[in-house]
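The structure appears below as C-alpha cells.
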Amino acid sequence: MAVYGRVCQKIYQGVSAAGVDYMEIGYLSSECAFSRDEVGPWKFCAESDLRRIIGDEEKKIKLSAMADIGRIEYADIPPKNESSLDIGPRRLLRSPDRQGDCTGSPLHGQGI
C-alpha cells in the first residue's frame with residue numbers, strides 16, 4: 001500500500017477508535033476528468049481502495065465522499081448496496097464557466 005494509503009488507513013483507524021460517527025474519506029470523480037497516476041486513488045474512492053483502508057474488521061464509522069458535478073459520470077457513482085460509502089455523495093456544484101471535463105456526463109450542467 002502506498003504511503004497515502006497507509007496514512008488514510010491510520011486516520012480511519014484513529015477516528016474509528018475515537019468514536020467518531022462520520023468521516024469524509026475522499027472524492028468521487030471519473031477518470032475522464034483526472035488522471036489516477038497524477039492525483040492518486042482518493043480522487044476516485046474505488047471500492048477496492050476503500051476496502052483496503054477499512055480492512056476486514058467491522059466498520060464502526062459512516063463514510064462519505066464528495067462528488068463534483070461535471071467531473072463524474074453517472075455510471076461512476078456506486079449503488080449504495082455495492083459501496084462502503086454510507087452517506088452521499090455530497091455534491092459540489094460549479095458555476096457554468098467552471099464546468100469539469102466530463103461534458104458527456106448526464107449530470108453535466110444540470111445543477112443537481
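Summary table
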quantity	calculated
All aspartates and glutamates inside 15 Å of residue 43 as judged from Cα atoms, apart from same-chain residues fewer than 8 positions distant	24, 31, 68, 73, 76, 101
Rg over Rh [alpha-carbon atoms, Kirkwood Rh] for segment 3-98	0.97
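FYI, it's all coordinate maths here, none of it is from the lab. Remember, it's a predicted structure, so these values are computed and weren't measured experimentally.
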